[in-house]
1. Give me the pairs: first residue in segment B:430-441 and touching a residue at least 24 places away in the same chain (Cβ under 8 Å), second residue aliphatic (A, V, I, L, M), beta-carbon distance under 7 Å, and six or more apart or on different chains, which are they?
2. Please give the number of the condition A:ALA501 fails out of (1) surrounded by fewer than 19 Cβ atoms within 10 Å (Cβ to Cβ); (2) not in a helix (DSSP H, G or I).
3. Within segment A:293-313, can you find the residues that are within 11 Å of another protein chain (Cβ to nearest Cβ) and not in a strand (DSSP E or B)?
4. Can you name every residue in segment A:175-220 that is at pLDDT below 80 and hydroxyl-bearing (Ser, Thr, Tyr)?
5. Scan segment A:257-271 residue by residue and report those that are assigned to a helix (DSSP H, G or I) and surrounded by fewer than 12 Cβ atoms within 10 Å (Cβ to Cβ).
6. Which residue, of B:ASN78, B:ASN101, is within 14 Å of chain A (Cβ to nearest Cβ), of a type in the set (S, T, N, Q) and within 16 Å of the chain's Cα centre (by Cα)?
7. Could you run through segment B:482-507 and say how many residues are closer than 13 Å to B:ALA458 by Cβ and either of a type outside the set (A, V, I, L, M) or more than 21 Å from the chain's Cα centre (by Cα) (or both)?
8. Just to verify a result, which residue in segment A:448-471, among those that are of a type in the set (Lys, Arg) and either assigned to a helix (DSSP H, G or I) or buried (at least 16 other Cβ atoms within 10 Å of the Cβ) (or both), is farthest from the chain's Cα centre (by Cα)?
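The values are calculated or read from the model by the stated rules, or taken from the named source; none is laboratory data. As the structure is a computational prediction, the values presented were derived from the model and not from experiment. Using ideal geometry, Cβ is built from the backbone for each residue, glycine included, and neighbour counts are taken over all protein chains shown.
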Amino acid sequence: MATPILRWCCPGRRWVFAGIGSVSRHGRGVPTGSTSSGKRGQSSVAQQPLITAQKPRKGEREWAAVVGLEIHAQIASNSKLFSGSQVDFAAPPNSLVSFFDASLPGTLPVLNRRCVEAAVMTGLALDCHINRRSLFDRKHYFYADLPAGYQITQQRLPIAVNGSLVYSVCVGKRQSQMVTKTAGVKQIQLEQDSGKSLHDSLRSQTLVDLNRAEGQLRVDANISVHNPGEPLGVRTEVKNLNSARFLAKAIDYEIQRQINELENGGKILNETRSFDYKLGCTVPMRDKEGKQDYRFMPEPNLPPLLLYDSGSLPTGTDPQQVINIDQLREQLPELPRVTREKLVQQYGMLPEHSFALLNEVGLLEFFQNVIKETRAEPKKVTSWVLNTFLGFLKQQNLAVSESPVTPSALAELLDLLDRKAISSSAAKQVFQELWRSKGKTPAQIVAEKKLELMQDAEVLEQLCRSTLEAHPQVVTDVKKGNPRAINKLIGLVRRATLGRADPTVIKEVLERQLSS
Amino acid sequence: MLGRTLREVSEALKQGLVTPTELCQRCLSLIKKTKILNAYITVSEEVALKQAEESEKRYKKGHSLGDLDGIPVAVKDNFSTAGIETTCASNMLKGYVPPYNATVVQKLLDQGALLMGKTNLDEFAMGSGSTDGIFGPVKNPWSYSKQYREKRKQKSHGENEDSHWLITGGSSGGSAAAVSAFTCFAALGSDTGGSTRNPAAHCGVVGLKPSYGLVSRHGLIPLVNSMDVPGILTRCVDDAAIVLGILAGHDPKDSTTIQDPVKPFTLPSLTDMSKLCIGIPKEYLTPELSSEVQSLWSKAANLFESEGAKVIEVSLPHTSYSIVCYHVLCTSEVASNMARFDGLEYGHRCDTDVSTEAMYAATRREGFNDVVRGRILSGNFFLLKENYENYFVKAQKVRRLIARDFVNVFNSGVDVLLTPTTLSEAVPHTEFIREDNRTRSAQDDLFTQAVNMAGLPAVSVPMALSSQGLPIGLQFIGRAFCDQQLLTVAKWFEKQVQFPVIQLQELMDDCSSIFENEKLASASLK
């Protein structure tokens, strides 16, 4: 599927997994092919105008979109898929090129064990069937950054097939409802990357970097639209999308473009397009070679890749020479789906909160560390971590690991709040102070700023009484039955206590005094 | 001394009867004298002399590296040699100096062998004559032998002798000629469809194609990856076994090599022939087979039978499909393997710079000869989406059937197959070029090529001279990875037939010092 044009952001070694898109009515092209007509979550907010535009203009025609993704993900390994050369993002161009990488005549590919293991683990995580025997193929095309004239991939019999990924999206007016969806995974294949071409238009020359470790994720989206009940439409392929946000935009744009084209009597060409990040639209790519025939052929220099499980492992084999799927399964970390389910069960958390906790690196661990040290309710902790803490991080564009507030500090703060030593507004102040002045404990801040709740009932009684006396008009309002008036009184008392009294307690005192 | 076998000269080196430098200089001098053969593309004189010097030091200290220390060898010019131009006899790689050694080359050097040079071949090993390379054809040393010249004199009078020189066969013709003309003691060839065995038969030397996977292909510039095997050319079977012992074994750089450890290949002398079963494939008796070769083949079968071996006729029913099947598989892999020669990273690049595509096209047109371009074109045709099933996949299925033929025969109790190597003895160049490369390759690979499809070991052993005074070799085919058994049988056969030594006096002005039977060694070495 991939044409050689613009293979500039390919990762060093990668596998491709192609999601099979399912049908999406009314053209809501959810990236992994969902059947929803709802919204996609965060990125769909910006797409709101498109949704209205997608409503069938002539009234009776209904459209469905089909979206399939080819995802190129770089494997985190120390050396390349078929050579011993290192992988390093920052390395100078062509400094990590083995004789094989440069395709010197006579060199042969040697499969990297770590890459195979990573592919198997990904296959297991995505509920795939792991093929005990998979094959490598050559895919041919001429391009300056493809020194062998072919790419080694797994076209016919890939390492893993038939998987699925269950995911959830927020729907509803306030994005508060979670809908669970499933995307099919057609196959996962190990694939060698091409190099990188750098076009120097000034000197009209192309420079080639064969380090091949650039960009960790790249997606090609295949999109078509059709009327439900009719055969699928002609698809286009939007290539080289390198962020989820642009992927979503490109898909939405392309669906709408195809619908418009067809409704205006036009035709969809089976072509490759690229996404113009600035204009937010897809444009046809200059496909100089016309239709490509990749002339796939088995790679004769790599024997079939055989995988074993504990049952099929041949006796007396060197463990270094074989890969045991069962062993890799044991090494698999807890999958996010399971973690989220546990969070919901254990803490009564809303599903969307469990997603939010897992979407930020280190956030879950932070949350769990706070939970361990505080007596506060999990709900309270969740709210503080997701709203206050995450809000501060986002505002300053910091990672969890860069946070000036430690889990222990937040735990201590929540304890103060829990035993009503401070009010929640005071707690917010303490948090702000914690963020600003590293090293201080919440208790110190509370003491310094005199934020602890007023414990002396007599003082509070006194303050309430003088407030009532000073505002006879409000008191009259209360007595006339205006329900909001009492709130005004509470606010006045709170201001008088410098925010150190609990509003519920103030209310009790006020009501008692008013009725006496 | 140069006329001796590798084992004999190795013994002489160990006994101090000759020094590596002396040996090296004599070979270099002979290479110059036999320049007319065009066996070498590059003579690595300086490298060889330096290696000889090192070897000499080792011998003086008594630290010889083994049987190959100080032994002059030659390597076909499609093996990568660090710092030494490697051309594949193609404009495409003219001037290409690889930065690394092929594993087999490295293994030879690690054993102290002296690299005399890189030998001539058909461009990218595509051919069966060693006539189609950019450096011109290789001439068969037997063209200048006393044996052949005397026979010719009887037949034709007054014709220009030199215009009747013979081809070596190919594509490893340079290596075969180099060994045959005593310019080295062993040479590496490559064998994809018979490229080592065919010239070995025509040049009267032993040509071994080991089992696929026994010897590393890393650094061998490929023709057909799934069939290529480094080949060994020597003057006797024992020498081939010595070299195989050094080259064989797993190479982490070639994933198709066997994992199991390999033992050295020492060959016992066969004594009990009654346990041996020789198969004669009836499909190899083709109308094109010359009567002389046919009669020598029967003679060989009779020889085995008369010495007590069981000789039976066997059938390899899919043999006739082998050539056409090979054509599809070979050209397809060629189309793929040649894709890397685009003029960008290394090798020839044209002057055109209108566009990248135009540069590719002109580079490849200038860089490859018609044979290579023709195979690339065919191969790409077979690999097209619409043709893949009908050609490539079918050819693969046929390949499996051919391989199964051999398995069935060996499972029926046959130990080794005995066949001709070539249809006839070497023909004069003038006659050879009447047919095109493709026709010639198809004819000449007839007996050798199926073996590559099946990955089996096979060896061509010279048996006798034809009525024209030219060598005829027969081929033994063994079970996969039973190379030692194969060579043991070949060694027995070699001993029985006593193939005559080539008499090259007429070619060399100063031959006395080279070919005289040196008194020193002859008695003690045998």
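1. Every condition considered, the pairs that remain are B:PHE432/B:ILE167; B:ASN437/B:VAL371.
2. Among (1) surrounded by fewer than 19 Cβ atoms within 10 Å (Cβ to Cβ); (2) not in a helix (DSSP H, G or I), the lone unmet condition for A:ALA501 is (1).
3. Selection gives A:ASP293, A:TYR294, A:ARG295, A:PHE296, A:GLU299, A:PRO300, A:ASN301, A:LEU302, A:PRO303, A:PRO304.
4. Within segment A:175-220, A:SER176, A:SER204 qualify.
5. Result: no residue meets the conditions.
6. Going through B:ASN78, B:ASN101 in turn, the sole match is B:ASN78.
7. Number satisfying all stated conditions: 3.
8. The extreme case among them is A:ARG465.
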